Amino acid sequence: MGKLVQIWRHPIKSHGRESLDIVEMTAGKTIPGDRAYAVTHAQSDADGSTWVPCQNFSRGSKAPELMAIDLAWDEAKNIMTLTHPKLPDLIINPDNVTDQKRFLEWEAQLIPDNRAQSTQLVKALIQGMTDTDYPSITIGNMSSHRAVAQKLGQNISHLRWRCNFWLDGLGPWQEFEWVGKDLMIGDVTFEIRERCVRCLATTANPKTGIRDADTLGALETWGHREFTVYGTPKTNGTLRIGDPVRLA
């Protein structure tokens, strides 16, 4: 039916991405370390103690240059290295107060003056701070991405969608047929909950942070702004690149 071709996590919500070759899944949990931290802004009082909507955080839909951040996380040492084409590399311990201040000073250069400014780096205490109020993994279909690129008439990076899992070997939009069903990736079963409604963050180039593609307009030609699906793991297991994909 298809296979798993890429695994990604986003340790700081909307602030960088990291590629993985293998991941340990736990039933009812997000990918370990995914959206483990988030950045609040001046109009938010979120502290990581409970789930709150994405509007409480600094994110790519309001600050497109954030989309060009890459991140590597050495969890054993709890050291993150962030890179951006416009800024010097930054190395921090996300739990260190001094490093949190350094991070906010670094990140502030990517926030437009007319947007709420970032105020705090907060740690998720219950679940990864995904855009859903339940622990979710975002699953994308490379064939659907290629259909959007073809509609746009330009080659766009799939990284602008900020998915966790990328699948290939499927038909375009086949993932929409899975909603309400169980999907097997390797030996792990996922409940496919709903389609993802997309925002302006996807219009920004993940290499430059510049808005350069009308992704939302392209999706609207199909009558919606939905791309990829949300799933929740129902079983424990180890996932690796190349694992087969099939309906349960």
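The values are calculated or read from the model by the stated rules, or taken from the named source; none is laboratory data. Worth saying up front: this structure is predicted, and the values here are computed from it rather than measured. Every residue, glycine as well, gets a Cβ built from its backbone with ideal geometry; the counts of neighbours run over all protein chains shown. Just the protein is used for accessible areas: all its heavy atoms, side chains included, with ligands, DNA and RNA removed. Shrake-Rupley method; radii C 1.70, N 1.55, O 1.52, S 1.80 Å.
Annotations for the structure displayed:
- Residues within segment 195-225 that are surrounded by fewer than 17 Cβ atoms within 10 Å (Cβ to Cβ), of a type outside the set (Gly, Ala, Ser) and out of contact with any Ser or Thr (no Cβ under 8 Å at 6 or more places or on another chain), tallied: 7
- Hits in segment 7-58 (condition: of a type in the set (Asp, Glu) and at pLDDT 95 or above): Glu18, Asp21, Glu24, Asp34
- In summary, strands (runs of 3 or more DSSP E) completely within segment 159-212 and bearing 3 or more residues that are in contact with a helix residue (DSSP H, G or I) (Cβ under 9 Å, 6 or more places away or on another chain) occur at 165-168, 188-197.
This table checks each residue for (1) under 21 Å from Thr232 (Cβ atoms); (2) open to solvent by 20 Å² or more (accessible area, probe 1.4 Å).
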{"residue": "Pro11", "(1), (2)": "yes, no"}
{"residue": "Met25", "(1), (2)": "yes, no"}
{"residue": "Asp45", "(1), (2)": "no, yes"}
{"residue": "Gly48", "(1), (2)": "yes, no"}
{"residue": "Pro53", "(1), (2)": "yes, yes"}
{"residue": "Arg59", "(1), (2)": "no, yes"}
{"residue": "Ala63", "(1), (2)": "no, no"}
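- Flag if Asp89 is of a type in the set (Asp, Glu), farther than 23 Å from Lys207 by Cβ, open to solvent by 30 Å² or more (accessible area, probe 1.4 Å) and more than 17 Å from the chain's Cα centre (by Cα): no
- Enumeration of residues in segment 102-153 that are assigned to a loop (DSSP other than H, G, I, E, B), surrounded by 15 or more Cβ atoms within 10 Å (Cβ to Cβ) and among the β-branched types (Val, Ile, Thr): Ile111, Thr130, Thr132
- Residues satisfying the stated conditions in segment 158-178, i.e. out of contact with any strand residue (DSSP E or B) (no Cβ under 6 Å at 6 or more places or on another chain) and open to solvent by less than 10 Å² (accessible area, probe 1.4 Å): Arg160
- All of (1) of a type in the set (A, V, I, L, M, F, W, C); (2) more than 18 Å from Tyr134 (Cα to Cα); (3) out of contact with any Phe, Trp or Tyr (no Cβ under 7 Å at 6 or more places or on another chain); (4) open to solvent by less than 70 Å² (accessible area, probe 1.4 Å) hold for Phe190 with one exception: (2).
- Subset of segment 17-31 (residues that are more than 19 Å from Asp70 (Cα to Cα), assigned to a loop (DSSP other than H, G, I, E, B) and more than 13 Å from the chain's Cα centre (by Cα)): Thr26, Ala27, Gly28, Lys29
- Within segment 183-208, the residues that satisfy the criterion of being under 21 Å from Trp222 (Cα atoms) and of a type in the set (Gly, Ala, Ser) are Ala201, Ala204.
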